[in-house]
1. Can you tell me which condition M75 does not meet? The list is (1) crowded, with 17+ Cβ neighbours inside 10 Å; (2) among the hydrophobic types (A, V, I, L, M, F, W, C); (3) modelled with pLDDT of 90 or more, and all the others hold.
2. Working only within the stretch 16-37, note down all residues that are more than 22 Å from R362 (Cβ to Cβ) and either touching a residue at least 12 places away in the same chain (Cβ under 8 Å) or in contact with a Pro (Cβ under 6 Å, 6 or more places away or on another chain) (or both).
3. State whether one or more residues within the stretch 163-174 are surrounded by 21 or more Cβ atoms within 10 Å (Cβ to Cβ), at pLDDT 85 or above and of a type outside the set (D, E).
4. Can you name the number of the only condition in (1) surrounded by 14 or more Cβ atoms within 10 Å (Cβ to Cβ); (2) over 17 Å from C353 (Cβ atoms); (3) at pLDDT below 95 that L48 fails?
5. Residues in the stretch 396-428 that are part of a loop (DSSP other than H, G, I, E, B) and in contact with a strand residue (DSSP E or B) (Cβ under 6 Å, 6 or more places away or on another chain): how many?
6. Scan the stretch 34-79 for residues that are in a loop (DSSP other than H, G, I, E, B), of a type in the set (S, T, N, Q) and within 21 Å of K10 (Cα to Cα) and jot them down.
7. Determine whether the stretch 130-152 contains at least one residue that is part of a strand (DSSP E or B) and touching a Cys at 6+ places or on another chain (Cβ under 9 Å).
Amino acid sequence: MKIIIAGGGKVGTSLTAELAADGHDITLIDKKSSVLQRVCSQYDVLGLEGNCATMEVLREAGTAEADLLIAVTNMDEMNLLCCVTARQLNPHIHTIVRIRNSEYTDQIMEMREVFGLSLIVNPERSAAREIERLLRYPGFLTRESFAKGQVELVEFKVAADSPLANVPLKDIPQILKTRILICAVQRGSEVTLPGGDFTLQTGDRVYVTAPARELGALLRSLGIITHKVRRVILGGGDRISHYLAEMLERDGIQVQIIDQDKNRCEELARLLPQVSVSHGDITDPTTLEREGLSSADAFVTLTGLDELNIIMSLYADKRKVPLVITKQGHIDELNSVIGELPLGSVISPKQICSDMVVRYVRSMRDMKGETALTVQSVAGGQVEASEFIIGPQSRHRDTPLVDLPTKDNVLIAAIFHRGKVTIASGQSRYQEGDSVIVIATETQNIQRFNDIFA
């Protein structure tokens, strides 16, 4: 497809990389020539310098022939005007807009038909929602949903006292009381799609597919669930803190926000009258202890500085806070550095936003079930989990999985058939209309279902 991306910031660059890798024809618009030079030299895309909200620039970018426009500049108003103008030039174009200001959220949703918006993304709200999901099941480092929320791919770390430590995978069904599939194991920097003889070790990061309804039982079987999160401290008062505090308050969880900007504290106190907001420096241990860090159930670092978030998460881990969540804005660049650090769950608003847009783009390509409906990267990007709808062109339908001629480092993890989740076994089969979750190493580049076969 021909896609125009307006804005070459973190999200725009991430989308350019992912969509160009999928084979789309990309044109990137940005006001700064330095940004265009950097991105276009790295990826095989066209660059256009100018104001993306003007008809002149959008015409030059080929809006009349484009299939999709994605507006992700750092100004909400410009993103909205860009989409409206593009629809004027091409009534059939799909438009995706990033809106970050919470004051606009409700009215933009109400007026999306007026503006002709196909998708509205808010990275901060989406990140807050993801953090809320993690707080519901303390013990999982990441959670990815598939099959309309019925299947989950979760990550946890094998502790020294874990019942899975030094246990071969073939013996795990005797230990756990729920049906799961261990899809991948990250040990240090190496990732393995393990077989039955693989033995887990302390420190391994394990990726498991399970029915969503079984997550609570899985945590209890693993012995990594202690009690529900009842009090959370948010280090930093950014937009994510605002959204997250609202969500947690509705969940009945006590929230405490600490920020060193007095004006921001006053604003948050006005917007969130039921939430405790403290003016203080989260880098000061005295401040954190005064606010009760050691007795908190969870600590979420949400400042605008990645390095500060890392340091404060390490301090919270040292103080034995049960659940730590770390926000990272430049996660791609820091993956090799932070992978071994005890930062708990790492959340990237940029990546969450990019994933939402890429899912929409892939859903536009209706190829009778061949194209991935959802793709999630895990294990530092070394493994991809993809959801496919089985169509008439999908090969080996109604064949036992044990007989499938799949490539190396590719496995089918789960099948969603007529509202029922089946964790895959050798005798499982898929049929037309089923959702199938495929796990593969990133090097296999599985874009269509039939790509899994040798």
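The values are calculated or read from the model by the stated rules, or taken from the named source; none is laboratory data. On a predicted model such as this, the values are computed, not experimentally measured, just so you know. Quick reminder, even Gly has a Cβ in these numbers, built from the backbone with ideal geometry, and neighbours come from all protein chains shown.
1. All conditions are met except number (1).
2. I29, D30, K31, K32, S33, V35, L36
3. yes
4. Every listed condition holds for L48 apart from (3).
5. Filtering the stretch 396-428 for residues part of a loop (DSSP other than H, G, I, E, B) gives 396-400, 404-405, 407-409, 418-419, 424-428.
Of the ones still in play, those that are also in contact with a strand residue (DSSP E or B) (Cβ under 6 Å, 6 or more places away or on another chain) are 405, 409, 424, 428.
Here the count works out to 4.
6. Taking the stretch 34-79 first, the residues in a loop (DSSP other than H, G, I, E, B) are 43-45, 50-54, 61-62, 66-67, 72-75.
Right, trim to of a type in the set (S, T, N, Q) and you get 51, 54, 73-74.
Listed by number, the residues that qualify are N51, T73, N74.
7. no
Each row is one residue, and each column tells you yes or no for (1) farther than 25 Å from S145 by Cβ; (2) crowded, with 23+ Cβ neighbours inside 10 Å; (3) of a type outside the set (V, I, T); (4) modelled with pLDDT of 85 or more.
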{"site": "I311", "(1), (2), (3), (4)": "yes, no, no, yes"}
{"site": "D317", "(1), (2), (3), (4)": "yes, no, yes, yes"}
{"site": "G339", "(1), (2), (3), (4)": "no, no, yes, no"}
{"site": "S363", "(1), (2), (3), (4)": "no, no, yes, no"}
{"site": "A372", "(1), (2), (3), (4)": "no, yes, yes, no"}
{"site": "G391", "(1), (2), (3), (4)": "no, no, yes, yes"}
{"site": "R395", "(1), (2), (3), (4)": "yes, no, yes, yes"}
{"site": "P405", "(1), (2), (3), (4)": "yes, no, yes, yes"}
